[in-house]
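See structure below.
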Amino acid sequence: MNRDGCVDVGAFEGACQCGAVRYSVAPGPAKQTVCHCRMCQRATGNAFAPLMEVENDRITWAGYAKTFRSSNVAERGFCDECGTPIFYRRIGQDSTEFMVGTIDTEIDYRPVANHGIESRRGWVLELAGLTERETFFTEGEEIVSHQYEHGS
Ligand SMILES: [Zn+2]
Ligand SMILES: [Zn+2]
C-alpha cells in the first residue's frame, strides 16, 4: 500500500446489513478517500464511494464476502445474503478499501482526496446548503430494524 496521504487509525470493526460478513481491522495506517468514478457509482448504487484503505494482513474476516470482478484490474466484495457492498480491491494488491458505511466503530473519517472527479455529480457539491432534518418517523409508528447490530 502506498503510504502517501495515510493517517494512523485505531482498530475498527464492520459488517454488512445482515451480519453474515463481518471484519475487524488492527490499528495502523489508513488512506481515506472518496471515489466518484462511474464504476464506484454503479457498484454502490450511490453517487460516490467513501473508502478506507488498509493493508490486507491487518484484516480478520468472519463470514465470506463474495466478489465480483468489476474490471480486469479490480474486484468488489459484497454480502451474498443481503447485497451490501463491502469493499473494493485492486487485483494482487496488498490492501483492501472498505466502504465506510459498513464500519461500526466510531472513527474520525476525514477523506483527504476526491478521486474519479470526471464522473462527480454536480449536486454532491451542493449538499451542505440543503435544508436539514433528522430521520423522520410517523408518530405512533414503530420501526424494527432487521439490520445487524454491532455487538449482538
Ligand atoms: Zn449481509
Ligand atoms: Zn471509483
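Taken together, the values in this text are just the output of simple stated rules run on the coordinates, not laboratory data. If you're wondering where the values come from, they're calculated on a predicted model, not measured in any experiment. Ideal geometry is used to build each Cβ from the backbone, glycine not excepted, and the neighbour counts take in all protein chains shown.
Assuming 0.36 nm per residue, please report the length gained on full extension of the stretch Glu142 to Arg110 beyond their Cα-Cα distance.
8.1 nm
If I take R0 = 30 Å and measure r between the Cβ atoms of Val124 and Asp80 in this structure, what FRET efficiency does the formula 1/(1 + (r/R0)^6) give, to the nearest 0.05?
With a Förster radius of 30 Å, E is 0.50.
What are the ³J(HN,Hα) couplings of segment 86-96, residue after residue, when phi is run through the Karplus curve with 6.51, -1.76, 1.60 and θ = phi - 60°? Round to Hz, x for glycine and proline.
Listing the rounded values in order: 10, 7, 10, 8, 6, 4, x, 7, 8, 9, 10 Hz.
What percent does the relative contact order of the chain come to when contacts are Cα pairs within less than 8 Å and at least six residues apart?
That works out to 28 percent.
Compute the separation of the alpha-carbon centres of segment 51-124 and segment 22-44 and state it in Å as a whole number.
About 3 Å separates the Cα centre of segment 51-124 from the one of segment 22-44.
Report the far tail of the P(r) of segment 21-117, meaning the percent of Cα-Cα pairs longer than 16 Å.
In whole percent, the share of Cα-Cα pairs in segment 21-117 beyond 16 Å is 53.
Cut-off 10 angstrom, C-alpha nodes, Gaussian network model of the chain. Which of Glu75, Glu97, Glu118 fluctuates the most?
Evaluated over the chain, the most mobile residue of the options is Glu118.
Would you mind getting the Kirkwood hydrodynamic radius of segment 57-108 from its Cα pairs, rounded to one decimal in Å?
With all distinct Cα pairs of segment 57-108 included, I get 11.9 Å.
Once amide H atoms are built 1.01 Å from N in the peptide plane, which residues 5 or more positions from Gly116, or in another chain, come under 5 Å H to H?
His36
Can you pull the Rg over Rh of segment 1-66, Cα-only, Kirkwood?
Taking Rg over the Kirkwood Rh, I get 0.99.
Could you give each residue of segment 64-73 its phi-based ³J(HN,Hα) in whole Hz, using Karplus coefficients 6.51, -1.76, 1.60 with θ = phi - 60°, and x for Gly or Pro?
So the Karplus estimates, Gly and Pro as x, are 10, 8, 5, 10, 10, 7, 6, 7, 5, 10 Hz.
Once Rh for segment 92-152 is found with the Kirkwood sum over Cα pairs, what is the Stokes-Einstein diffusion coefficient at 10 °C and 1.306 mPa s, in µm²/s?
It diffuses with D of about 96 µm²/s by this estimate.
Compare Phe98, Phe78, Phe136 in a GNM of the chain, Cα atoms joined below 10 Å, and give the one with the largest fluctuation.
The residue with the greatest mean-square fluctuation here is Phe136.
Output ³J(HN,Hα) for segment 98-105: one whole-Hz value per residue in order, computed from phi by the Karplus curve 6.51 cos²θ - 1.76 cosθ + 1.60 with θ = phi - 60°, and x for Gly and Pro.
Each residue's phi maps through the Karplus curve to give 7, 5, 4, x, 8, 7, 8, 6 Hz.
Once you place label points 7 Å from the Cα toward the Cβ at Ile91 and Arg133, how far apart are they in nm?
4.8 nm
Collect residues whose amide H, placed 1.01 Å from N in the peptide plane, falls under 5 Å from the amide H of Lys66; neighbours closer than 5 in sequence don't count.
Answer set, sorted by chain and number: Phe78, Asp80.
For segment 7-119, give the magnitude of the charge dipole about the Cα centre (Cβ charges: +1 Lys/Arg, -1 Asp/Glu; no others), in debye to the nearest 20.
420 debye
Given a Förster distance of 22 Å, report the FRET efficiency between Arg3 and Thr67 from their Cβ-Cβ distance, rounded to the nearest 0.05.
0.30
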